[in-house]
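Just so it is clear, none of the values below were taken in a lab; they were calculated from the coordinates. Nothing here was measured: the structure is a model prediction, and the numbers come from that model. All Cβ positions, even for glycine, are placed from backbone atoms using ideal geometry, and neighbour counts span all protein chains on display.
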Amino acid sequence: MNIFRLAGDMTHLASVLVLLLKIHTIKSCAGVSLKTQELYALVFACRYLDIFTNFVSLYNTVMKLIFLGSSFSIVWYMRYHKVVRRSYDKDQDTFRHYFLVLPCLVLALLINEKFTFKEVMWTFSLYLEAVAILPQLVLLQRTRNIDNLTGQYVFLLGAYRGLYILNWIYRYFTEPHFVHWITWISGLVQTLLYADFFYYYYQSWKNNQKLHLPA
Amino acid sequence: SNDRVVHDEL
């Protein structure tokens, strides 16, 4: 494992921890999109179908369990916790799941490396992860006033994506036959979705101001 | 490689 991959996984982990910290300690999920969180739970559930059958490393198994556990617990908190769920911006978070899930499923059935159930589900999870942040970005755009933790959560997710691209470049030059078009293209699309957010995040950081998104 | 079935990334 190279340094970019490790740093990418760590920022991904940090993003989830920041979100759990916000929800668990402040008992608020204001500004967090439940739609995006539900999509991530679906992403991990479909991607890690091989968790008990394909052993890669202890690191991989533990991280998979953490991502599965954290994504489902965030969804549980936002839906059912008696205090947290009251802070959820339900009226603003109106993005429709099937609008993203259906095209990704069709695409996974058409474009995959191997037409088996597990491979199609794995491919579907990659396509869905690429666009799962959209409800969150729409919600940020609508609420505009973003608290620090929500801003940091999205920033860390974007950093994770950027580091994964560096990881692929590194692997391409150091590992023979490391060519994975599906992973790369969906990963690139996902990273590009953060570009706009990153621009405003950088501006607010540079000017030492609270993050505001334009209407 | 094309016969990769083990996905080693998260």
Quiz item: Where does each of A:Leu157, A:Leu149, A:Leu17, A:Leu102 land when they are ranked from fewest to most other beta-carbon atoms within 10 angstrom?
Solution: A:Leu102, A:Leu17, A:Leu149, A:Leu157
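What average number of partner chain Cβ atoms lie no more than 10 Å from the Cβ of the residues making up A:53-60?
Mean partner-chain Cβ count within 10 Å for A:53-60: 2.
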Practice problem: Rounded to the nearest 0.05, what FRET efficiency do A:Ala195 and A:Lys82 give with R0 = 25 Å and r taken as the Cβ-Cβ distance? Could you check? | Solution: 0.05
Quiz item: For segment A:80-163, which trypsin sites (Lys or Arg not before Pro) are both in a DSSP coil and crowded by at most 16 other Cβ atoms within 10 Å?
Solution: A:Lys82, A:Lys90, A:Arg96, A:Lys114, A:Arg144
Quiz item: Is segment A:70-215 best put as rounded, prolate or oblate by its Cα gyration tensor, with a ≥ b ≥ c the root eigenvalues, rounded for a/c under 1.5, and otherwise prolate when a/b is larger than b/c, oblate when not?
Solution: oblate
Practice problem: May I ask you to list, by number, the DSSP H helices of chain A whose Cα span along the axis is at least 30 Å and whose average Kyte-Doolittle hydropathy reaches 1.0 or more? | Solution: A:3-26
Practice problem: Let me have the relative contact order for segment A:26-183, percent, based on Cα pairs under 8 Å that are six or more residues apart. | Solution: 33 percent
Quiz prompt | Residues listed by number, segment A:1-15, amide nitrogen under 20 Å from A:Ile51 label point at 7 Å toward C-beta | solution = A:9-15
Quiz prompt | Cut-off of 10 Å, at most 16 other beta carbons, DSSP loop: longest stretch of chain A lacking such chymotrypsin sites (Phe, Trp or Tyr not before Pro) | solution = A:116-177
